[in-house]
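The values are calculated or read from the model by the stated rules, or taken from the named source; none is laboratory data. If you're wondering where the values come from, they're calculated on a predicted model, not measured in any experiment. Cβ: placed from backbone, ideal geometry, glycine included. Neighbour counts: every protein chain shown. Note: accessible area is taken over every heavy atom of the protein model, side chains too, but ligands, DNA and RNA are not part of it. Shrake-Rupley method; radii C 1.70, N 1.55, O 1.52, S 1.80 Å.
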Amino acid sequence: ETGVTQTPRHLVMGMTNKKSLKCEQHLGHNAMYWYKQSAKKPLELMFVYNFKEQTENNSVPSRFSPECPNSSHLFLHLHTLQPEDSALYLCASSQALLRTGGDYGYTFGSGTRLTVV
Amino acid sequence: KNQVEQSPQSLIILEGKNCTLQCNYTVSPFSNLRWYKQDTGRGPVSLTIMTFSENTKSNGRYTATLDADTKQSSLHITASQLSDSASYICVVSDSGGGADGLTFGKGTHLIIQP
């Protein structure tokens, strides 16, 4: 395992449901990220948290709501999703944000495969 | 606009053969370039990282090259194995701010056949 754990691995939800994705890292990293990966598209950055403070919201619809209670945990709360939101949602962490200088590679979790029906 | 283009989109080769994946980028200012391997149902895992001054870097049977003048990188896989079947993603960092400074390619889907 990479040290970044995502649950659940698979999720099927209706458009009126409310669910949450969870990410936990045991690497002592200070930055955490949510990415969306759709078929034949590059990874899309959704949210960035640094020391549990949100630093980026990459024009994500409000039906996606992130929460970062501490530097080790990150949640993505989902409600009233659309079928086009079906994708692999990846959590990643890094020692620090790239903008702070130096090379801080990402460690990704295995993702949650989300299907909206 | 920063962009990363990868080719081919998909590739099928026989086990034991070599292959080369390409990555062209228009990212400025350039900081570094990484190749990630993503197995089906898994998150991406970093294979190599290359900075501006590096031309070649190896990681086992994987060898990455970088030509900063032409803004091209390649990932060469030698003596392919079934476990090499995966998507390979090129990621370029600009460290210039904005969405954490990373531009991702769409990836090359590699299938190794026995």
Restricting attention to the range A:2-21, and to residues there that are more than 10 Å from chain B (Cβ to nearest Cβ) and out of contact with any His (no Cβ under 9 Å at 6 or more places or on another chain), which single residue is surrounded by the fewest Cβ atoms within 10 Å (Cβ to Cβ)? A:GLY14
If we only count strands (runs of 3 or more DSSP E) wholly inside the range A:22-117, which ones have 1 or more residues that are within 11 Å of chain B (Cβ to nearest Cβ) and surrounded by 20 or more Cβ atoms within 10 Å (Cβ to Cβ)? A:31-37, A:44-50, A:87-94, A:112-116
Listed by range, strands (runs of 3 or more DSSP E) wholly within the range B:1-78 having at least 2 residues that are within 12 Å of chain A (Cβ to nearest Cβ), closer than 30 Å to A:THR112 by Cα and more than 15 Å from the chain's Cα centre (by Cα) are none
Of everything in the range B:14-54, what is open to solvent by less than 60 Å² (accessible area, probe 1.4 Å), modelled with pLDDT under 95 and over 16 Å from B:SER83 (Cα atoms)? Give them in sequence order. B:VAL27, B:PHE30, B:SER31, B:ASN32, B:LEU33, B:ARG34, B:THR48, B:ILE49, B:MET50, B:THR51, B:GLU54
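Here's the yes/no breakdown for (1) under 16 Å from the mean Cα position of the chain (by Cα); (2) without any contact (Cβ under 8 Å) to a residue 24 or more places away in the chain:
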| site | (1), (2) |
| --- | --- |
| A:VAL12 | no, no |
| A:LYS40 | no, yes |
| A:LEU43 | yes, no |
| A:LYS52 | yes, yes |
| A:ASN57 | yes, yes |
| A:ARG63 | yes, yes |
| A:THR80 | no, no |
Residues located in the range B:63-83, provided they are in contact with a Phe, Trp or Tyr (Cβ under 9 Å, 6 or more places away or on another chain) and buried (at least 18 other Cβ atoms within 10 Å of the Cβ): B:ALA64, B:LEU66, B:SER73, B:LEU75, B:ILE77
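Keeping to the range B:79-104, report how many residues are under 15 Å from the mean Cα position of the chain (by Cα) and either at pLDDT below 95 or β-branched (Val, Ile, Thr) (or both).
Residues flagged as under 15 Å from the mean Cα position of the chain (by Cα) and either at pLDDT below 95 or β-branched (Val, Ile, Thr) (or both) within the range B:79-104 amount to 7.
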